[in-house]
Amino acid sequence: MSAYSAEATRRIAPRQITARKGGEPIVCLTAYTAPMAAILDEACDVLLVGDSVGMVVHGLPNTIGVTLEMMILHGQAVMRASRRALVVVDMPFGAYEGPPARAYDNAVRILKETGAQAVKVESGPEVADTIAYLTRRGVPVMGHVGLRPQAVLMEGGFRARGKRADEAACIVAEAESAAAAGAFCVVVEGVAESVAAKITAAIAVPTIGIGASAGCDGQILVTEDMLGLFEWTPKFVRRYADLRGEIARAVRDYAADVRSGAFPGAAETYFSTLKA
Ligand code: KIV
């Protein structure tokens, strides 16, 4: 078996995620770096190299400034350090909204240059044709409906979606068109439980919720949010660790040791074996 086919068979494939519809919940987290991907790989079914990397790692105010090159660089790091999980790379703002053939070229660059198995697009109604164009040409696509962070300039901020009946109906229709166009699963972000449940019942592929209740086939969070790296997190995040507090404590202890001369000690020092 060639190295290529071994790589292709040991990872969870998009079609295996699709087959989990209604079954054991699908576990997804974001990953942007090699050390984090290595830790997350064992417990997760899907690692998403989200364009949230722009805000989480690069300190951008939103995801608009994220480039294809940034996504490829982080995708490569995550692929190098993971073995098992399905790796999906977000297509950044501006990389897929134009002609489908251009979206295809950008998606192919992501797949070829990272080795990831799928891309994600934020899928308003205008993107359904592009999803169909990509999937018919061998590019697995994860959809994304509800709160779409790349719509921040039009929306003027981030807000939960689908509170009004007409907006809820639009979101259900967007999920249906993404699934009909061939998306292997659909992220549902920032919607009420009733809307998430409606989408989950309406489409034949799994829904992956973020701020979208337990009425989805799987869940995703931004890893740094759930590890407690930030002072503030949205209501839908559960903090499973206090990394911010733990890092601050470790850095204070290190600084105190350096200032007092307690670090480095004998255990952290190389000694010459040469006789003087
Ligand atoms: O960019 C991202 O991280 C995302 C999710 C959290 C779904 O799109």
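Within the stretch 134-171, the residues that satisfy the criterion of being of a type outside the set (A, V, I, L, M, F, W, C), in a helix (DSSP H, G or I) and surrounded by fewer than 21 Cβ atoms within 10 Å (Cβ to Cβ) are Thr135, Arg136, Glu155, Asp166, Glu167. Among residues of the stretch 170-193 that are under 15 Å from Ala214 (Cβ atoms), those with a beta-carbon under 6 Å from a residue that is open to solvent by 10 Å² or more (accessible area, probe 1.4 Å) and away from the ligand (no atom under 16 Å from the Cβ) at least six positions away or on a different chain give the pairs Glu193/Gly215.
Here Phe263 does not qualify as within 24 Å of the chain's Cα centre (by Cα), free of Cβ contacts under 8 Å to residues at least 60 places away in the same chain and in a loop (DSSP other than H, G, I, E, B). Filtered by the rule that a residue be of a type in the set (Val, Ile, Thr), more than 10 Å from the ligand (Cβ to nearest atom), farther than 18 Å from Leu111 by Cα and open to solvent by 10 Å² or more (accessible area, probe 1.4 Å), the stretch 23-72 gives Val27, Ile39, Val57, Ile64. Against the list (1) touching a strand residue (DSSP E or B) at 6+ places or on another chain (Cβ under 8 Å); (2) part of a loop (DSSP other than H, G, I, E, B); (3) within 14 Å of the ligand (Cβ to nearest atom), the condition Ala95 fails is (1). Filtering Ala179, Ala201 for residues that are of a type outside the set (S, T, N, Q), part of a helix (DSSP H, G or I) and out of contact with any helix residue (DSSP H, G or I) (no Cβ under 9 Å at 6 or more places or on another chain) leaves a single hit, Ala201.
Residues that are more than 14 Å from Gln150 (Cβ to Cβ) and open to solvent by 40 Å² or more (accessible area, probe 1.4 Å) within the stretch 91-114 comprise Pro99, Pro100, Ala101, Arg102, Tyr104, Asp105, Arg109, Lys112, Glu113, listed in sequence order.
The values are calculated or read from the model by the stated rules, or taken from the named source; none is laboratory data. Treat the numbers as computed from the prediction; the structure is a model and nothing was measured. Neighbour counts run over all protein chains shown; Cβ positions are idealised from the backbone, glycine included. Surface areas here come from the heavy atoms of the whole protein model, side chains and all, with no ligands, DNA or RNA. Shrake-Rupley method; radii C 1.70, N 1.55, O 1.52, S 1.80 Å.
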